[in-house]
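J.: This is the structure, below, for whatever I ask next.
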Amino acid sequence: MTPFAFHRPTSQAAALQLHQAGDDARYLAGGQSLLPAMKLGLAAPSDLIALAQLPGGNAIAVDGDRLRIGAMTPHAVVAASADVRQRIPALAALADGIGDPAVRTRGTLGGSLAQNDPAACYPAAVLGLGATVHTDRRQIAGDDFFKGLYETALEPGELITAVSFPVPQRAAYVKFKQPASRFALVGVFVSQGPQGTRVAVTGAGACAFRVAAFEAALAKDWSAQALAGLAVPADELNTDLHASAGYRAHLIGVLAGRAVNAAR
């Protein structure tokens, strides 16, 4: 691991100034992705800017028909929150299924979204619920946030501050996990609510994506049977040592049906 400067700002303004001043500064949330990359020599930032002491970073609030969750909120806190469990139980269940207890204690919502790992769970929830990502500069619709493999709409130095999730009428998330990492080989989030009928997939492509054909079918008939005969083309899906593109395409249909049956 190469040397770096470590900072613990206590205000958002100070964090932004530190990032701008650093040669290759990186924000540090839970560190579940960045620190392993540094240990392996895949990342060598000049400065690490820890965000844990920023005020309000881990707050969860009910805002009308939305839940607003601070970017520094750990997965375990989302999973245990009474507000999340009551209003969007599918989101609480998703958070409770990420990694293991150590990962859920340290990993954060904002860190997961900024990293945009192709097999992460939270991107499916952002797309599947039609959430909005709030930053220090603007609001980004979830549909516009994920751009490709580890690529997002964030500009250099832009800092995620919170995510607001519309409360759906019903929703569910089902994933087929890789046993060791517990990342999703495929995960499917379905919902019906103020943002319409949504089906979002993670783990299968370069980043999370929606399935328009499934959404159209479920908008007419919310049942697993409505998905019969529909499939996601395997052409642009991932193939690796864990699963082929064809297998992942098959899983999407299976898991979407299970999620529809589980939605409440």
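The values are calculated or read from the model by the stated rules, or taken from the named source; none is laboratory data. Keep in mind that this is a model prediction, so the values were computed, not measured. Glycine also receives a Cβ, built like all others from the backbone with ideal geometry; neighbour counts cover every protein chain displayed.
J.: If you check Ala21 against the conditions, is it loosely packed, with under 15 Cβ neighbours inside 10 Å, farther than 17 Å from Ala125 by Cβ and within 19 Å of the chain's Cα centre (by Cα)?
T.: It is false that Ala21 is loosely packed, with under 15 Cβ neighbours inside 10 Å, farther than 17 Å from Ala125 by Cβ and within 19 Å of the chain's Cα centre (by Cα).
J.: Here's a follow-up. If you check every pair at least six apart or on different chains, which have Cβ atoms under 6 Å apart with a residue in segment 237-264 that is at pLDDT 95 or above first and a residue that is hydroxyl-bearing (Ser, Thr, Tyr) second?
T.: Ala245/Thr239
Yes/no per residue for (1) of a type in the set (D, E, K, R); (2) buried (at least 17 other Cβ atoms within 10 Å of the Cβ); (3) out of contact with any helix residue (DSSP H, G or I) (no Cβ under 9 Å at 6 or more places or on another chain); (4) outside the structural domain of Gln115 (by TED's automatic domain parsing):
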| residue | (1), (2), (3), (4) |
| --- | --- |
| Ala25 | no, yes, no, yes |
| Leu34 | no, yes, no, yes |
| Leu42 | no, no, no, yes |
| Thr73 | no, yes, no, no |
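J.: Taking the condition of being farther than 27 Å from Gly56 by Cβ and either touching a Gly at 6+ places or on another chain (Cβ under 9 Å) or part of a loop (DSSP other than H, G, I, E, B) (or both), how many residues in segment 151-171 meet it?
T.: 2
J.: Restricting attention to segment 135-157, which residues are buried (at least 18 other Cβ atoms within 10 Å of the Cβ) and without any contact (Cβ under 8 Å) to a residue 60 or more places away in the chain?
T.: Selection gives Thr135, Ile140, Gly142, Phe145, Thr152, Leu154.
J.: Right, next: Residues of segment 135-160 being out of contact with any helix residue (DSSP H, G or I) (no Cβ under 8 Å at 6 or more places or on another chain) and of a type in the set (Gly, Ala, Ser), which ones?
T.: Ala141, Gly148
J.: Then there is this: Can you find, within segment 119-129, the residue that is farthest from Ala259 (Cα to Cα) among those that are assigned to a loop (DSSP other than H, G, I, E, B) and in contact with a helix residue (DSSP H, G or I) (Cβ under 6 Å, 6 or more places away or on another chain)?
T.: Ala120
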